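The values are calculated or read from the model by the stated rules, or taken from the named source; none is laboratory data. The structure displayed is predicted, hence computed values, not measured ones. Note that we place each Cβ from the backbone using ideal geometry, even for glycine, and neighbour counts take in every protein chain shown.
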Amino acid sequence: MDDANRFDLSQAHMDAVHRHRRVIVNFDAISADGERFATKDVDELVRWKLMFADETGSHIDSVWWSWGEGNQAPYPSKIMSCTPGFKQWVEAGFDIVQSFLNACKKRGLETFISHRMNTGDSDRGTDARLPIKQAHADWVMRFFPSDHELGDLDLVVWNYAVPEVREYKLSVLREVAENYDFDGMELDFSRRPLCLPIGRQWVNRDHLTQFIRQVRSMLLEIERRRGRPFLLAARVGENLLGCHYDGMDVQAWAQQQLVDILTLGSRSFDIDITDFRRITAGRNIKLYPCLDDHHATDGYRWPPIEVLRGVFTNWWRQGADGMETFNWGHGTAEAAAAIGMYLERGWRVHRQAYHEMGDYRALKHKDKIFVLQRRGGGGWGGPDPDDWYMPRHWYLCTNMFAPLPANLDPLGKADTLMTLFIGDDLAAQAGRINSVTLRLLLNDSAGIGYVPPGASNPSDPPAAGRIERGLLATDGATQRYNCPPVQGIECRIDVRINNALLETPVIEHGWLVFTDLNPRFFAVGDNLIGVVLTPPLSQGVESVSIEKLEVHVKYNS
C-alpha cells in the first residue's frame, strides 16, 4: 500500500504522539503474579511498583504495564481464562489492572497496556496447552521444531498466518482496549518473536502487517468513540535486517502510519536508530530504544552505571526520542523486604540511572564505559555465546550480528576489525577528561587444560605459563571466567584505533589495559578497532579470541 492508504490522524492524536517522554518504564507485572501478590495490600503494591517514579528528580514520564504472557487474563475477561494468581481477586470483583491504571493517572503518568504477542500458554503455572490451542491444532506451530534448547518442553505458539488467529487475538486486544482507559497499547514481539512459520517469516510478512492494520483500525474506532487519542506502539528488533528475519515489515508499517511508536530492541546495546529514523522520516512516529537488564546482553547483566551511561549517550547521539527500560528495579531493598516481594539485583544502579538517562545534558561530563556487544545471552532466544549456533527460529534478542567473541588471525597477517560507537566527542572535551583507557579481555581456548580444576575466582593462582584469569560475566550467583592466554601476550599484541597504534598494555586482573590514550584518537560515532598478534599464534598452544573490549572515559570532577 502507498501513501493513499495511510490512516488520517487527528491533530489531538498527533499531539499525543509528540508528547515529551524522557523515560518509559515497561513493568513486567507478571513477575508479581501468584498467591503472594494477591495477598498484599493494594496501596502497598502501588507504592512499591511506582517508588522510583515517585522520587523527586526522576525522569520517568510513562509507565507501560505488561500484565501477563498474553494468553490468560489478570482482569475479568469474557475471552480468556483468568491468570491463576489473580483469580481470587477477579472472583471477588476486584480489578487490579484498574487499580494500577488509576494510580498512574493520579500521578499524571502516561499509561499503556503492553501485550505479549506470542508466549507460553500459562502465566506462572504449568506449560500445559490451553484448551483453545488443543481445539484448533491448525492455529498453532511448534515453538522449536528441531531445536534442543528447550529439552522436553513441547510449547506451541500462535501462527499469525492463519486468519482465525488474527481475529482471535484482535478480539483479545479489543476487549482490554474497550474496558480500560489506557493512553495507548504496545504490541510486544520481543518476548518471543516467532509469529510466522520458521524460515518463511519474511515471505509471510503481509499477514503480520494486515494484523497490525486491523489493530490500528480498531484502536482508532475506540479513539473516536471516547473522544481522545489511543496510541499504538510496537516492540521490534534493534535493526531492520533483524526485523526482516522475523517477518516484521517495519518499513510498510511506517509508510502506512500503522504505528505511532516503535520500541527498538530489548537486550542489545547496539540499536540502529539511524536506519529506523530513515524509514520513519516524514511520519509521526517516535523511536524509543529499550534495554532489558534482567535478560541482559551477555557479559553485562546488572552493569555499573558507567556502562549504562555509555549506552544511553550513544542512543541520544543517534537521535532517540527517549529511552525505555524493561525488567528494571522499581523499589529499594527495604521496600521489597517490607512488602515481602522480590528485588531486582541492579536496583541501586537503576535508581541512579532514572535521574540521568532521560536528558542528554545530564550525562555530559560523567564517567562512561563504551563496550562492544557480545552475541547471545539473556535467557530466551539467544544461544550461549560459548556454544554458539545459528538461531533459525528468530532474530530478536539473539544479538546474532554482534562482533564478539571474535577470533584473531592465527597467521598474524590481518587485523580483526571491529566498530565501536562512541557518542561523546572526546576530542572536543579533552580539557575535561582525566583519562581514557582501552581494556581487552582475551580467551585462549587451547588453554582450557591449563585452568586449575575448581578455580572459581580471580584470587586463584595463575596456571603455569599463563596470566591470571579475567571475569567474563556474572549470571546470578554464577561467575564465568576466560581461559587466560600465555604470559607475554601483552608484548605481542597490536591494537589500533582508527589506525593509530597503541602503546604496550599492562595486565590488570586478567585484562590487557592500554592507558593514557589521546582523546583525539577517537571520532564521534563509529571508531575502527583493529587487533592482531605478532608474531602469530603458536599452533596447538594458542587459539585466541577477543571476548570483551571496553573504552573507559573518566572526566575531571
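One table, with the values for the structure above:
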quantity: Number of the exception - Leu287 against (1) buried (at least 22 other Cβ atoms within 10 Å of the Cβ); (2) touching a strand residue (DSSP E or B) at 6+ places or on another chain (Cβ under 6 Å); (3) free of Cβ contacts under 8 Å to residues at least 60 places away in the same chain; calculated: (1)
quantity: All positions within region 101-120 that are surrounded by fewer than 22 Cβ atoms within 10 Å (Cβ to Cβ) and more than 27 Å from Val162 (Cβ to Cβ); calculated: Leu101, Asn102, Ala103, Lys105, Lys106, Arg107, Gly108, Leu109, Glu110, Thr111
quantity: Among the residues listed as Leu426, Leu417, Leu408, Leu440, the single one being under 31 Å from the mean Cα position of the chain (by Cα), among the hydrophobic types (A, V, I, L, M, F, W, C), exposed (fewer than 14 other Cβ atoms within 10 Å of the Cβ) and assigned by TED's automatic domain parsing to the domain that holds Val551; calculated: Leu417
quantity: Any chance Leu396 is under 21 Å from the mean Cα position of the chain (by Cα) and in contact (Cβ under 8 Å) with a residue 40 or more places away in the chain; calculated: yes
quantity: Boolean, Val90 is hydrophobic (A, V, I, L, M, F, W, C), at pLDDT below 95 and in a strand (DSSP E or B); calculated: no
quantity: Identity of the residue in region 255-284, closer than 24 Å to Thr398 by Cα and polar (S, T, N, Q), that ends up surrounded by the most Cβ atoms within 10 Å (Cβ to Cβ); calculated: Ser266
quantity: Which numbered condition Glu238 misses (of (1) buried (at least 20 other Cβ atoms within 10 Å of the Cβ); (2) more than 30 Å from Ile546 (Cα to Cα); (3) not small (Gly, Ala, Ser)); calculated: (2)
quantity: Number of the condition not met by Glu490 [criteria: (1) loosely packed, with under 15 Cβ neighbours inside 10 Å; (2) over 28 Å from the mean Cα position of the chain (by Cα)]; calculated: (1)
quantity: Residues of region 174-204 classified as surrounded by fewer than 22 Cβ atoms within 10 Å (Cβ to Cβ), within 24 Å of the chain's Cα centre (by Cα) and modelled with pLDDT of 95 or more, total; calculated: 2
quantity: Index of the failed condition, Glu186 passing every other in (1) part of a helix (DSSP H, G or I); (2) in contact with a Lys or Arg (Cβ under 8 Å, 6 or more places away or on another chain); calculated: (1)
quantity: Elements of type helices (runs of 4 or more DSSP H) contained in region 297-382, each with 2 or more residues being under 18 Å from the mean Cα position of the chain (by Cα), modelled with pLDDT of 95 or more and of a type in the set (A, V, I, L, M); calculated: 305-317, 347-353
quantity: Tabulated pairs, region 254-275, first within 16 Å of Phe401 (Cα to Cα), second β-branched (Val, Ile, Thr) and modelled with pLDDT under 95, C-beta under 7 angstrom, 6+ apart or interchain; calculated: Arg267/Thr297; Ser268/Thr297; Phe269/Thr297
quantity: Leading residue by the ranking (surrounded by the fewest Cβ atoms within 10 Å (Cβ to Cβ)) among those in region 42-73 that are in a loop (DSSP other than H, G, I, E, B) and in contact (Cβ under 8 Å) with a residue 60 or more places away in the chain; calculated: Gly57
quantity: Any chance Gly85 is modelled with pLDDT under 95 and either crowded, with 20+ Cβ neighbours inside 10 Å or assigned to a loop (DSSP other than H, G, I, E, B) (or both); calculated: yes
quantity: Qualifying positions in region 391-411 - more than 29 Å from Trp202 (Cα to Cα) and assigned to a loop (DSSP other than H, G, I, E, B); calculated: Leu408, Asp409, Pro410, Leu411
quantity: Near pairs, Cβ below 6 angstrom, 6+ apart or cross-chain, from region 507-533 (surrounded by fewer than 18 Cβ atoms within 10 Å (Cβ to Cβ)) to any residue that is among the aliphatic types (A, V, I, L, M); calculated: Ile507/Ile467; Val513/Val506; Arg520/Ala427; Gly530/Leu417
